[in-house]
């Protein structure tokens, strides 16, 4: 099974639920000093250099900080901090590597005769910059993300790719950014992966903020019910996504929100989703729930 960065694995299984709120209270200088993205690059030199450049870039980190301030302090919605970015990037790379292991070709491999390593760069770029536009505004943030990301991508890719490959990698990553919105229409495996990876950062540590601010609705209740997400080899499909919840209201997150991101992503044939409801506090009406795509 493809690995996650160990700290990200821990956050997905046992989320540090107050981290996003604490960070939103820091000064920009304090906040960016804490930020360091960790992913397992394996033997992918381009991916390793890309992540090193991102970690050395105070502008990207400033965007992440302001995005989280807008989300947590001003809108009182879920975590959009650098921790969310790290989780989405790790999940996206894990999904891509697992699909590659099962012989599923990425778009840049199939259409441009590039390598799986190049597909990892596309996915990582899209995931790392997918919601920097939240620093400008929540409304239309995918478009603002592309506005900020396009020149930044060229800067990050300088020396890693010559033209025309640099432009190809950049626009493929931009497709992943625009396609992660609710009504997005991914045209590549890479874009679909970023879309689904974003939806899979659903564990309690990210979703508790609206609930704690008293917004009691099916959205906040179901989000607070999600305890963990695990990605592993499946029996019916290459990827099994197992979701653990403490209350059956969490089914809404799976059947409505995750399903909406999976449908049209291009990943439908390769993914099975199972939710386990583990609770002693309520009558267990549905101990196991399998999402039908």
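The values are calculated or read from the model by the stated rules, or taken from the named source; none is laboratory data. Note that the structure is a prediction, hence the values are computed from the model and not measured. Cβ: placed from backbone, ideal geometry, glycine included. Neighbour counts: every protein chain shown.
Structure above, values below:
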{"item": "Considering residues of the range 272-293 that are in a loop (DSSP other than H, G, I, E, B) and modelled with pLDDT of 70 or more only, the residue nearest to residue 192 (Cα to Cα)", "result": "293"}
{"item": "Qualifying residue in the range 251-271 (condition: closer than 20 Å to residue 97 by Cα, in a strand (DSSP E or B) and at pLDDT 95 or above)", "result": "yes"}
{"item": "Residue check, residue 128 under 27 Å from residue 71 (Cα atoms), more than 19 Å from the chain's Cα centre (by Cα) and in contact (Cβ under 8 Å) with a residue 60 or more places away in the chain", "result": "no"}
{"item": "Qualifying residue in the range 58-70 (condition: modelled with pLDDT of 95 or more, in contact with a helix residue (DSSP H, G or I) (Cβ under 8 Å, 6 or more places away or on another chain) and under 17 Å from residue 158 (Cα atoms))", "result": "yes"}
{"item": "Matching residues, the range 118-141, being surrounded by fewer than 20 Cβ atoms within 10 Å (Cβ to Cβ) and touching a helix residue (DSSP H, G or I) at 6+ places or on another chain (Cβ under 6 Å)", "result": "136"}
{"item": "Residue that is more than 27 Å from residue 187 (Cβ to Cβ), surrounded by fewer than 24 Cβ atoms within 10 Å (Cβ to Cβ) and in contact (Cβ under 8 Å) with a residue 40 or more places away in the chain, where the choices are 51, 104, 69", "result": "69"}
{"item": "Qualifying residues in the range 200-218 (those that are assigned to a helix (DSSP H, G or I) and surrounded by fewer than 19 Cβ atoms within 10 Å (Cβ to Cβ)) - the one modelled with the lowest pLDDT", "result": "212"}
{"item": "Residue that is outside the structural domain of residue 251 (by TED's automatic domain parsing), at pLDDT 95 or above, over 21 Å from residue 258 (Cβ atoms) and in contact with a strand residue (DSSP E or B) (Cβ under 9 Å, 6 or more places away or on another chain), where the choices are 168, 196", "result": "168"}
